[in-house]
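Notes follow once the structure below has been shown.
The values are calculated or read from the model by the stated rules, or taken from the named source; none is laboratory data. Only a predicted model underlies this, so the values are computations on that prediction, with no experimental measurement involved. Here the Cβ positions follow ideal geometry from the backbone for every residue, glycine too, while neighbour counts run over all protein chains shown. All accessible areas refer to the heavy atoms of the entire protein, side chains included, with ligands and DNA or RNA removed. Shrake-Rupley method; radii C 1.70, N 1.55, O 1.52, S 1.80 Å.
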Amino acid sequence: MYTAIVIGAGIGGLATAARLARAGYKVTLLEKNSRPGGRTDTIEGDGFRFDTGPTLFLMPGIFAETYRAIGERMEAHLELLRLDPTYRVHFHNGTSFDITADLNSMREQLEAMEPGAFKAFLDFMSEGYSHYHLSLEHFVGRNFTSWFEYLTPANMPLIFRVKALRKHYKNTARYFKDPRLRAAFSFQNMYLGVSPYDAMATYSLLQYSEIADGVWFPRGGMYKLIESLAAIAEGLGVQFRYNSPVSRIEVEGSRVSGVTLENGERLGGDVIIANADLPYVYSELLPEERLTDHLAKKRYSSSALMFYWAIRGERSSLLLHHNVFLSDHRYRESFDRIFQDLKLPDEPSFYVCAPTRTEPSFAPPDGDSLLVLVPVGHIDDSKPQDWSALREKAREAVFSRLDMLGLTGLNDIIEFEKTIGPEDYLKRLNLTKGAAFGLSHSFSQVGYMRPHNRHRRYKNLYFVGASTHPGTGLPIVLISARLVVERILREQPVPEKHVSISTSQIMELER
Ligand SMILES: Cc1cc2nc3c(=O)[nH]c(=O)nc-3n(C[C@H](O)[C@H](O)[C@H](O)COP(=O)(O)OP(=O)(O)OC[C@H]3O[C@@H](n4cnc5c(N)ncnc54)[C@H](O)[C@@H]3O)c2cc1C
């Protein structure tokens, strides 16, 4: 039986391990921390619960496909609840806007802000629809193993059709005049850790997807997803080893032969798949090579200052499940601070998640559980930052903005607080530069130009996760897992267990 070693039990590593086990590989999954999930983690204490990373469950069809590929039905594992309004956007002047799939409500709200904006919104959605389907079919949902596959005569015009060379904010500004609407329909690029002034206009697919496919919440929280994938993988025979940090990938000529753990133990494998952040794997787990410097010079996504607040007191009706606070009057400046100066803006935009609005059990009856995400620049060793001072500044900025909304005295009713910041992403998860979303998604870092999911020299070393193709975000990383397994099954010998099954069955597994 062929053996595979997966390094890292993030969602990418879990999905890859389960798919390979189903295809007949004997899989060992090595995770440095004590439980699976990576960025998709959970904190619990004193009756309070928090999802630490992802809170928006988008593109449910892609999750369902993963469950099918590993022999399960998503519905048997996750009870998905649709959130509508998807979120409330708060502007600096005290007004707000509920983004919803209810078109009547959208019409009333949009026309009140800018006459004609509802028609503009429908046109924007129509463009988002086209970007979504063209991108997923032609660029995101497939492997590229050469320039010839990427820049085909058929693909070239599509690059223009999905507006890959136009900037997202500029494109949004063609639809809406009111700066609040321009901000409300462009901030979503921050899901990828990219400035809307730099992101491709292609990403209007995000706004389309939120309204058309919906924003969902798995009952029990996002960590249910991780628990169920880990349990399925285990049932398929994947051997999990937690607290097992890999310190080196062993190479022999043009192949890798195994890994060495930090405790000195060595494990051999026919195929190795690294789910740990790709630039970290090149710089820390592989022998010195020129690609390390090349990767260090690439552009990285933003990081985040995260606050998890266990609140003792009434649940405010001013908050929905998802709430976005935009610094719309200093919008451009706030992104320049994050992406050019790698700092915290003076008036940061931020996001608050209050899951008890959907699932009361996330906090005791007399309490609330709030997650706050404040985007901030990533770590740059040449410009050291005082992260604890920045955290204090972010906390104060959030309190003062929530105070303006009417959520006064929050600071006094926080029973306990947990925080995560760039240095935690670096140390706990080995995310290069503490960039919370991995490598950036500029035009020159997507498609064939994103670091590939197989090493150029070592032909049996593969990558899965946010910093390889196609990119970051849970559903996109699940696509990354499908693509890498398809590639392994095509390029590496078929495990004995499946030698007797038909090619069509293997193709079905690949699908
Ligand atoms: C704050 C935040 C909010 C987000 N919000 C959303 C959202 O709402 N919706 C959404 O879809 N996406 C969201 N994302 C993005 C999403 O979380 C990521 O794209 C996704 O979780 C990445 O998964 P991964 O498998 O690539 O990597 P990871 O989750 O980072 O997993 C990699 C694993 O490798 C392990 N590892 C590292 N080094 C080693 C080693 N040497 N040996 C062994 N193991 C190792 C790590 O411990 C980790 O468990 C968010 C991310 C963050 C940080």
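Things worth noting here:
- Every residue from segment 232-244 that is of a type in the set (A, V, I, L, M) and surrounded by fewer than 15 Cβ atoms within 10 Å (Cβ to Cβ): none
- Any hit, segment 368-387, residues being in a helix (DSSP H, G or I) and surrounded by fewer than 17 Cβ atoms within 10 Å (Cβ to Cβ): no
- Whichever residue in segment 388-416 is open to solvent by less than 40 Å² (accessible area, probe 1.4 Å) and in a loop (DSSP other than H, G, I, E, B) and, among such residues, is nearest to Tyr191 (Cα to Cα): Leu407
- Conditions (1) out of contact with any Phe, Trp or Tyr (no Cβ under 6 Å at 6 or more places or on another chain); (2) within 13 Å of the ligand (Cβ to nearest atom): number failed by Glu31: (1)
- A search for C-beta distances below 6 Å between a residue of segment 459-471 that is away from the ligand (no atom under 11 Å from the Cβ) and any residue that is open to solvent by 10 Å² or more (accessible area, probe 1.4 Å) and in a loop (DSSP other than H, G, I, E, B), counting only pairs 6+ apart in sequence or on different chains, returns Lys459/Ser254.
- Here Gly193 meets the list (1) within 14 Å of the ligand (Cβ to nearest atom); (2) at pLDDT 95 or above; (3) at positive phi almost entirely, failing just condition (2).
- Residue within segment 388-398 that is at pLDDT 95 or above and under 19 Å from Leu320 (Cβ atoms) present: yes
- Flag for Arg428 being part of a helix (DSSP H, G or I), out of contact with any Asp or Glu (no Cβ under 7 Å at 6 or more places or on another chain), open to solvent by less than 30 Å² (accessible area, probe 1.4 Å) and charged (D, E, K, R): no
- Some residue of segment 464-476 being more than 14 Å from Leu192 (Cα to Cα) and under 16 Å from the mean Cα position of the chain (by Cα): yes
- Residue among Leu342, Leu286, Leu295 that alone is surrounded by fewer than 23 Cβ atoms within 10 Å (Cβ to Cβ), farther than 26 Å from Gly220 by Cα, over 24 Å from the mean Cα position of the chain (by Cα) and of a type in the set (A, V, I, L, M, F, W, C): Leu286
- Scan of segment 363-389 for residues that are within 16 Å of the ligand (Cβ to nearest atom) and closer than 26 Å to Ser400 by Cβ, ordered by number: Ser369, Leu370, Leu371, Val372, Leu373, Val374, Pro375, Val376, Gly377, His378, Trp387
- Any hit, segment 69-84, residues being within 18 Å of Val477 (Cβ to Cβ), surrounded by fewer than 20 Cβ atoms within 10 Å (Cβ to Cβ) and within 11 Å of the ligand (Cβ to nearest atom): no
- Pick from segment 313-338, criterion of a type outside the set (Gly, Ala, Ser) and part of a loop (DSSP other than H, G, I, E, B), ranking: farthest from the chain's Cα centre (by Cα): Glu314
- Residues satisfying the stated conditions in segment 434-447, i.e. in a helix (DSSP H, G or I) and either surrounded by fewer than 21 Cβ atoms within 10 Å (Cβ to Cβ) or at pLDDT 95 or above (or both): Gly434, Phe443, Ser444, Gln445
- Residue match in segment 304-325 (condition: of a type outside the set (Asp, Glu) and modelled with pLDDT under 90): no
- Lone unmet requirement of (1) open to solvent by less than 80 Å² (accessible area, probe 1.4 Å); (2) part of a helix (DSSP H, G or I); (3) not aliphatic (A, V, I, L, M) for Thr145: (2)
- Taken over segment 404-433, the criterion of being at pLDDT 95 or above, of a type outside the set (A, V, I, L, M, F, W, C) and over 20 Å from Asp46 (Cβ atoms) is satisfied by Gly421, Pro422, Glu423, Asp424, Tyr425, Lys427, Arg428, Asn430, Thr432, Lys433.
- Evaluation of Lys297 against the conditions (1) touching a residue at least 40 places away in the same chain (Cβ under 8 Å); (2) closer than 24 Å to Tyr280 by Cβ shows that the sole unmet condition is (1).
- Scanning segment 1-37 for residues that are assigned to a loop (DSSP other than H, G, I, E, B), out of contact with any Lys or Arg (no Cβ under 9 Å at 6 or more places or on another chain) and open to solvent by 20 Å² or more (accessible area, probe 1.4 Å) gives Ser34, Arg35.
- Cβ-Cβ distances below 9 Å connect the following pairs, each with a first residue in segment 231-247 that is on the phi > 0 side of the Ramachandran plot, a second residue that is within 9 Å of the ligand (Cβ to nearest atom) and open to solvent by 40 Å² or more (accessible area, probe 1.4 Å), and a separation of six or more residues or different chains: Asn243/Lys32.
- In the set (1) surrounded by 15 or more Cβ atoms within 10 Å (Cβ to Cβ); (2) under 28 Å from the mean Cα position of the chain (by Cα); (3) closer than 20 Å to Val27 by Cα, the condition left unmet by Ser247 is number (1).
- Criterion (among the β-branched types (Val, Ile, Thr) and either under 25 Å from Gln207 (Cα atoms) or within 11 Å of the ligand (Cβ to nearest atom) (or both)) met by exactly one of Thr42, Thr66, Thr3: Thr66
- Subset of segment 250-283 [open to solvent by less than 30 Å² (accessible area, probe 1.4 Å) and of a type outside the set (A, V, I, L, M)]: Ser257, Gly258, Thr260, Gly269, Asn275, Asp277, Pro279, Tyr282
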